[in-house]
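What follows is a short report on a single structure.
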Amino acid sequence: MLTNKRLILAHFWLAFIVFAVALVLGAWQMFVRSPLNAWHINPELYYRSVTAHGSAMGYVFPTLIAMGFGYAITEASLEKPLVGRSWAWAGFLLVAAGAVVAMVPVSLGLASVLYTFYPPMIGNPFYYIGVVMVVVGSWIWVALMSINFVAWKRENPGKPVPLAMFANVAGSLLWGWTAVGAALEILFQILPVALGLRSSIDAGLARVFFSWTLHAIVYFWLMPTYIAYYTIFPRAIGGRLYSDAMARISFILFVVVAMPIGVHHLFADPQVGAGFKFMHSVFTGLVALPTLLTVFTICASAEIASRLRGGRGAFGWIKALPWSNPIMLATALSLVMLGFGGAGGLINMSYQLDTTVHNTQWITGHFHLIFGGAIVIMYFAIAYDLWPHLTGRALESFGLMRTQLWLWFIGMIVTTFPWHYVGVLGMPRRMAFYDYANPAISPEAFSVAMSAVGGLILLISGALFLLVLVRGQLGARGEADAYRFAVPLHMPVRIPAALNSFGLWLALMVGLTVVNYGFPIAQLIALNETSVPAVYVGVGR
Amino acid sequence: MTDQSLFSLRNPWFSAGVGITGAIVVLSAVAGLIWLPLMQPDLKLVGIWDAICSAAGVPRAAGPGASIKPDFKTSNVEMTSEMLTQADQVSIGRGATLAQRCAICHGPQGVSDANSPNLAGQFAAVTYKELNDFKAGARVNVVMSPFAAAMTDQDMKDVAAYYAYLPRVPSKSLDTALPAPAIVATGAPMRNIPPCGSCHGDIDNKAGSPWLGGQSEVYIKAQLQAFASGGRRNDISQQMRNIARQMTSDEIDQAARYYAAQP
């Protein structure tokens, strides 16, 4: 039962418009830094573009998807209108306004600090204020998800909360807590310097705060994808979810162990002790667990669907899956990219192996494969699945959808595999210019050119995606059924309180954060003379 | 099962959840903070508490003799981005009077053909730092050092403010059509040379980096050569020495010619 269709559509449309702009920038960046282009521009333009691309793709796009999808889940799974509709609109407007406030200084070249801020570089204060507005807007959503969750539980005592809603609230709570790190960094470290109240900054402490956000934010981006795996995919291919409890445990594990792991981004930083780096490394390894559980459950659910359709044999059932169904295709391609990306991630998280790839193009390849690939392709699937229910018009361009999904997959592989390779060769990331005539760099030239071609394929796929949605918006009106989520093989009737609430898991999440971050942060705050002069960018040119 | 009994040791979800999490924390802490550091002989640890402090990142005071004092004077100026960016009229006026003694080399309007730096429009922090370094002996020049020796801190600030106040005048060799050579536009990443413009204007300006447009070609070249040879070493953190040492003599010529032709 979707009553606030306008609200949900507004989130999705704004998300995809932001995505389209950032995608064009991304493809342009791939081209200008490749050997296909003789260097002719001011490198500042490149960093300006990277900042816009990263901020849009990292902060605005996935946040809007999570919010819009979250509202859809709330109404469809709880089968009642959203509580706090005007607050939801306020949150949306805050995110939209924040995106504009942040992007104006970036486009003027006043905040080319990249989306991860990189103190002691300091840009125009409005860039950071815009980012804070986006985060505060999303916190309204976080609060609304819990309010709706609690209200439903009060009205339905003893009943299990539908899985989609349970997972959705898990994602919102994870985001609510993990965004605190970046918020602390901006409010107490960066903004006072950007506003001119201080001229030096404790860059090490600021980076530790950012790492608090930086890794768990990926799991926040991942949540809609995993929710789609568990609650859309089995239904879309005509099967059932293999296990409801396993799904809940996976989401709970994300809530508990996704947080205390961010220091693996600081393996090369001197301000955190080696012992804490090791502890974060251990917990990073644990995050593989919910993903492995998920891959197992989703493959088992696919097998159920296939056997229902007459699939036979140990592997023969794979052939009997409904491959022409875009959701089937998207999920399979997503899992392939998740597999490669996850394997690369295991290298990044190990203290010793990381030293060979730290700050190389490998890292860029890794997060584009996971986020741009495995996660975003499921955002497409979510849009395809929800669109008819939101617009009241059928999406009929199935051939176009399949082409689009295949192109996205191919484009992402062609982009990121060469990146991984040149990273192993030692190509540094975050650089505008590479002198490919240099004998030490020339072996990387072909791979970089190849990845630029991948960028072009992604651009075409993105255009096709928007075309499908626009055609859907202009299509013939029809009656869509009520929006449903996948039904588990064994419908839960009564489940343990632990799998139906978050109190215990939130306590563990906060507890682990204190254990793994408490000492490093307290120590850096207590140490004197750890600040360095700020480097203001975009001034005095 | 109600929510009340969730936080109770009798609830298996609670005891298992907290127990397993706690066990992993303890195991990883023992391994990371005690066992692994003790396995490394290079750390020269004296017991468990030392291992914990070392692995937790508690800084240890360096012993005497750990740092090597340079056998030359280093700059004692601390640069910040906002340094001397707001000059008052009194300071500029005082500076104008004081600057009369500079005019013979630097020109009455801060521009001259004497192959000494053109100071008109130079950032105040830059002029101030160089005067300071001449006075302190971090930078040595037979002409400048005696001048600077007699100046007070306020004198230096005033002179710097006055020159910053003067408008930049295009040099005689102005040629904006001259294309930027590769060393200026892109640097040389493999030799750790950033583009000149990422500190000296055009792309960005970093604290303490002088404006180079319209400076004498001879002067720029001489300074780059001095940085490369170690004859000049008042660049904080050795940025310019590291860059100049890696530049070829052709690149030094190109960069000097390019900046001399800029406004």
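Which condition from (1) surrounded by fewer than 18 Cβ atoms within 10 Å (Cβ to Cβ); (2) in contact (Cβ under 8 Å) with a residue 12 or more places away in the chain; (3) under 27 Å from the mean Cα position of the chain (by Cα) is the one that residue B:98 breaks?
(3)
Count, please, the residues in region A:506-530 that happen to be of a type in the set (Ser, Thr, Tyr) and within 11 Å of chain B (Cβ to nearest Cβ).
1
Residue B:14 fails exactly one of the following numbered conditions: (1) in contact (Cβ under 8 Å) with a residue 24 or more places away in the chain; (2) within 12 Å of chain A (Cβ to nearest Cβ). What is the number of that condition?
(1)
This table checks each residue for (1) of a type outside the set (Phe, Trp, Tyr); (2) closer than 22 Å to residue A:3 by Cβ; (3) without any contact (Cβ under 8 Å) to a residue 40 or more places away in the chain; (4) buried (at least 24 other Cβ atoms within 10 Å of the Cβ).
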position	(1), (2), (3), (4)
A:65	yes, yes, no, yes
A:78	yes, yes, no, no
A:89	no, yes, no, no
A:152	no, yes, no, no
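If I ask for residues that are modelled with pLDDT under 90 and small (Gly, Ala, Ser), which ones from region B:215-256 would you list?
Scanning region B:215-256 gives a single hit, B:237.
Starting from region B:37-63, take each residue that is closer than 16 Å to residue A:520 by Cα and within 9 Å of chain A (Cβ to nearest Cβ) and list its partners that are open to solvent by 100 Å² or more (accessible area, probe 1.4 Å) and of a type outside the set (Ser, Thr, Tyr), counting only C-beta distances under 8 angstrom and pairs at least six apart or across chains.
B:53/B:60; B:54/B:60
When you look at residue B:67, is it modelled with pLDDT of 90 or more and among the hydroxyl-bearing types (Ser, Thr, Tyr), yes or no?
no
Of (1) over 30 Å from residue A:505 (Cβ atoms); (2) touching a Leu at 6+ places or on another chain (Cβ under 9 Å), residue B:44 satisfies all except one. Which?
Of everything listed in (1) over 30 Å from residue A:505 (Cβ atoms); (2) touching a Leu at 6+ places or on another chain (Cβ under 9 Å), residue B:44 misses just condition (2).
Which members of region A:444-454 meet the condition of being within 18 Å of residue A:38 (Cα to Cα) and open to solvent by less than 50 Å² (accessible area, probe 1.4 Å)?
Within region A:444-454, the subset within 18 Å of residue A:38 (Cα to Cα) is A:444-453.
Matches in region A:444-454: A:444, A:445, A:447, A:448, A:449, A:451, A:452.
Somewhere in region A:142-159, is a residue under 30 Å from residue A:104 (Cβ atoms) and not in a helix (DSSP H, G or I)?
Looking through region A:142-159, none of the residues is under 30 Å from residue A:104 (Cβ atoms) and not in a helix (DSSP H, G or I).
Of the numbered conditions (1) open to solvent by 10 Å² or more (accessible area, probe 1.4 Å); (2) within 22 Å of residue A:256 (Cα to Cα), residue A:141 satisfies every one except a single condition; which is it?
Unmet condition: (1).
What is the residue count in region B:65-85 for residues that are within 21 Å of residue B:151 (Cα to Cα) and not basic (Lys, Arg)?
Residues that pass the stated criteria total 9.
Among the residues of region A:287-303 satisfying the criterion of being buried (at least 18 other Cβ atoms within 10 Å of the Cβ) and closer than 20 Å to residue A:347 by Cα, which is farthest from the other protein chains (Cβ to nearest Cβ)?
Selected residue: A:291.
Among the candidates A:375, A:441, A:382, single out the residue that is open to solvent by less than 20 Å² (accessible area, probe 1.4 Å) and at pLDDT below 95.
Values: A:375 fails: at pLDDT below 95; A:382 fails: at pLDDT below 95.
The unique qualifying residue is A:441.
Which of the residues belonging to region B:191-235 are among the hydrophobic types (A, V, I, L, M, F, W, C) and either surrounded by fewer than 18 Cβ atoms within 10 Å (Cβ to Cβ) or away from chain A (no Cβ under 14 Å) (or both)?
Across region B:191-235, the qualifying residues are B:218, B:220, B:222, B:224, B:226, B:227, B:228.
Identify, by number, the condition in (1) in contact with a Leu (Cβ under 8 Å, 6 or more places away or on another chain); (2) more than 30 Å from residue A:207 (Cβ to Cβ); (3) open to solvent by 40 Å² or more (accessible area, probe 1.4 Å) that residue A:148 doesn't meet.
So the condition that residue A:148 fails would be (3).
Out of curiosity, is residue A:278 farther than 30 Å from residue A:497 by Cα, in contact (Cβ under 8 Å) with a residue 24 or more places away in the chain and assigned to a helix (DSSP H, G or I)? Lay out the reasoning, then the answer.
Details: farther than 30 Å from residue A:497 by Cα: yes; in contact (Cβ under 8 Å) with a residue 24 or more places away in the chain: yes; assigned to a helix (DSSP H, G or I): yes.
So residue A:278 passes the test.
Of the residues in region A:237-249, how many are open to solvent by less than 30 Å² (accessible area, probe 1.4 Å) and either within 23 Å of the chain's Cα centre (by Cα) or among the charged types (D, E, K, R) (or both)?
Of the residues in region A:237-249, 3 are open to solvent by less than 30 Å² (accessible area, probe 1.4 Å) and either within 23 Å of the chain's Cα centre (by Cα) or among the charged types (D, E, K, R) (or both).
Here are some conditions: (1) within 14 Å of chain A (Cβ to nearest Cβ); (2) open to solvent by 20 Å² or more (accessible area, probe 1.4 Å); (3) outside any loop (DSSP other than H, G, I, E, B). Residue B:146 meets all but one. Which one does it not meet?
Of the numbered conditions (1) within 14 Å of chain A (Cβ to nearest Cβ); (2) open to solvent by 20 Å² or more (accessible area, probe 1.4 Å); (3) outside any loop (DSSP other than H, G, I, E, B), the odd one out for residue B:146 is (1).
Regarding residue A:216, is this residue away from chain B (no Cβ under 14 Å) and over 25 Å from the mean Cα position of the chain (by Cα)?
no
Can you tell me how many residues in region A:459-501 are open to solvent by less than 50 Å² (accessible area, probe 1.4 Å) and more than 20 Å from residue B:10 (Cβ to Cβ)?
The number of residues fulfilling the criteria is 16.
Yes or no: residue B:138 more than 24 Å from residue B:214 (Cα to Cα), within 14 Å of another protein chain (Cβ to nearest Cβ), of a type outside the set (S, T, N, Q) and surrounded by 12 or more Cβ atoms within 10 Å (Cβ to Cβ)? Step through it out loud before you land on a result.
Working: more than 24 Å from residue B:214 (Cα to Cα): yes; within 14 Å of another protein chain (Cβ to nearest Cβ): no; of a type outside the set (S, T, N, Q): yes; surrounded by 12 or more Cβ atoms within 10 Å (Cβ to Cβ): yes.
Considered against the rule, which asks whether it is more than 24 Å from residue B:214 (Cα to Cα), within 14 Å of another protein chain (Cβ to nearest Cβ), of a type outside the set (S, T, N, Q) and surrounded by 12 or more Cβ atoms within 10 Å (Cβ to Cβ), residue B:138 comes out as no.
Would you tally the residues in region A:407-433 being open to solvent by 10 Å² or more (accessible area, probe 1.4 Å) and in a loop (DSSP other than H, G, I, E, B)?
Selection size over region A:407-433: 5.
For residue B:19, state whether it is open to solvent by less than 60 Å² (accessible area, probe 1.4 Å), at pLDDT 90 or above, within 10 Å of chain A (Cβ to nearest Cβ) and part of a helix (DSSP H, G or I). Write out each step before concluding.
Working: open to solvent by less than 60 Å² (accessible area, probe 1.4 Å): yes; at pLDDT 90 or above: yes; within 10 Å of chain A (Cβ to nearest Cβ): no; part of a helix (DSSP H, G or I): yes.
Here the answer is no, as residue B:19 does not meet what is asked.
Tell me whether region B:2-10 contains one or more residues that are of a type outside the set (A, V, I, L, M), more than 30 Å from residue A:267 (Cβ to Cβ), in a loop (DSSP other than H, G, I, E, B) and touching a residue at least 24 places away in the same chain (Cβ under 8 Å).
no
Within region B:149-160, work out how many residues are open to solvent by less than 30 Å² (accessible area, probe 1.4 Å) and either in a helix (DSSP H, G or I) or touching a residue at least 60 places away in the same chain (Cβ under 8 Å) (or both).
The qualifying residues number 5.
Just the residues that are part of a helix (DSSP H, G or I) and open to solvent by 20 Å² or more (accessible area, probe 1.4 Å), please, taken from region A:31-40.
Listed by number, the list holds a single entry, A:31.
Across region B:164-180, what is the number of residues that are out of contact with any Pro (no Cβ under 8 Å at 6 or more places or on another chain), open to solvent by 20 Å² or more (accessible area, probe 1.4 Å), more than 12 Å from chain A (Cβ to nearest Cβ) and not polar (S, T, N, Q)?
7
The values are calculated or read from the model by the stated rules, or taken from the named source; none is laboratory data. Here the structure is a predicted model, which is why all the values come from computation and not from measurement. Counting neighbours? That spans all protein chains shown, and the Cβs are built from the backbone with ideal geometry, glycine included. Please note that ligands, DNA and RNA were not included when accessible areas were found on the heavy atoms of the full protein model with its side chains. Shrake-Rupley method; radii C 1.70, N 1.55, O 1.52, S 1.80 Å.
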